[in-house]
Structure formats: C-alpha cells, structure tokens
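Following: one structure in structure tokens, then a few remarks.
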Amino acid sequence: MADELPEGTDHVIPGAQNSSTREKMKADAADFRDKASARAADLRGQASDKAREYADEGKARASAGLDSVAKMISDSATTIDDKLGGAYGDYARKAGDAVAGFSASLRDKDVEELFDDARDLVRRSPAIAIGAAAAAGFVIARIVKAGSDALDDTARAAEPKAARKKAASDGAETVSAATRKAPPKRKPRTTS
C-alpha cells in the first residue's frame, strides 16, 4: 500500500507528505536567516561608523588640547628665560615643539593608523604600555578625586546657608555646625 502511515500515527495531515511544502519552509527559513544576517551586518556597520565618528571627534579634541598646551609651553619659554636662564627656556621651547609635533601627527593620522601604532607599541615594549596605562590611571584617579573633593566642598559650603535660610524662615535659632558636632561638656572630677 503506497499510502501506508508511519508507525504510531493514525491519520495523515494534509500537506505533510508534500515535499514542496518542506522545501518552501526551508527556503523561507533560509531567506529569514539571510535577512537577519544582513540586518546584523548593517547594525554592526552602523555601530562601527558611529564608533569611528566618536574616535575622530575625540582625536580632534585631543589634538586641539595638545595645540593649546604646546602654545602655553612656548609662551612661557620667555618667562623661563628671564627667571632661570636661556638654557631652560630652550628646553621649554623644545618641549613645546615636541608637543606641537605630536599634535600634528595625531591630527594627520587616521584613527585606524593610531590603533595600529598603539598595537605595535604594545607588542614592541609591553613594559612601556603598562607604565603608560598605570600613569593614565593615576592621572584619571586624581582628576576624579579632585572633582569629588570639589563637589564635597561645594556641598559643605552650601549646607550652612540652606540651614540658616530654613531656620530664619521658621523663626528658629540658628545652630552652627561646630556647635552640633561639639561633644558634651563634662564636669571635672573632684577627688576627696
């Protein structure tokens, strides 16, 4: 019998034996997979373009910052000449020129070239790369700590003013921070 059912089944589902339906489902799945792959590639491309855009923007900012540092160093060279001598002023000029040169090479290179240069530096001398990363981490930590301290100082400076304004509006007596934190006074001991 040509229409024998597989063991464990009791009826035929319409279209189940149709190989063209299976082929159509396979084609639909392949089409869906291709569309998903194309969409993922498109999203990766967009993310890559956005990251490259941010990197270019950061490169431009860094270059501008280095230009201003180089100008500041070069401008201070005359003052250094007057106060410390011509040799030290020349050192300052050379340092300013070196910073300006680095800024120009940073501005002229593509982001990919900068990443390649960084990779090469790490491969050639990992100790320098680790030292530079540690120094950068130290500088960043100091900047964050300084910003945190400045915020704390600002908050402390603003706190008594707010407390005085609130007390004045309530008609209550103003209590200074020193009075609030002062320990209670003790009576001296007497020995008999």
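The values are calculated or read from the model by the stated rules, or taken from the named source; none is laboratory data. On a predicted model such as this, the values are computed, not experimentally measured, just so you know. Surface areas here come from the heavy atoms of the whole protein model, side chains and all, with no ligands, DNA or RNA. Shrake-Rupley method; radii C 1.70, N 1.55, O 1.52, S 1.80 Å.
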Check: Per residue, how much accessible area does the range 14-117 show when a 1.4 Å probe rolls over the protein heavy atoms, in square angstrom?
Finding: 73 Å²
Next item on the list: Can you send over the solvent-accessible area of Glu113, 1.4 Å probe, protein chains only, in Å² to the nearest 10?
Entry: 90 Å²
Notebook entry, point to check: Could you give the distance between the Cα centres of the range 91-145 and the range 32-60, to the whole Å?
Noted result: 27 Å
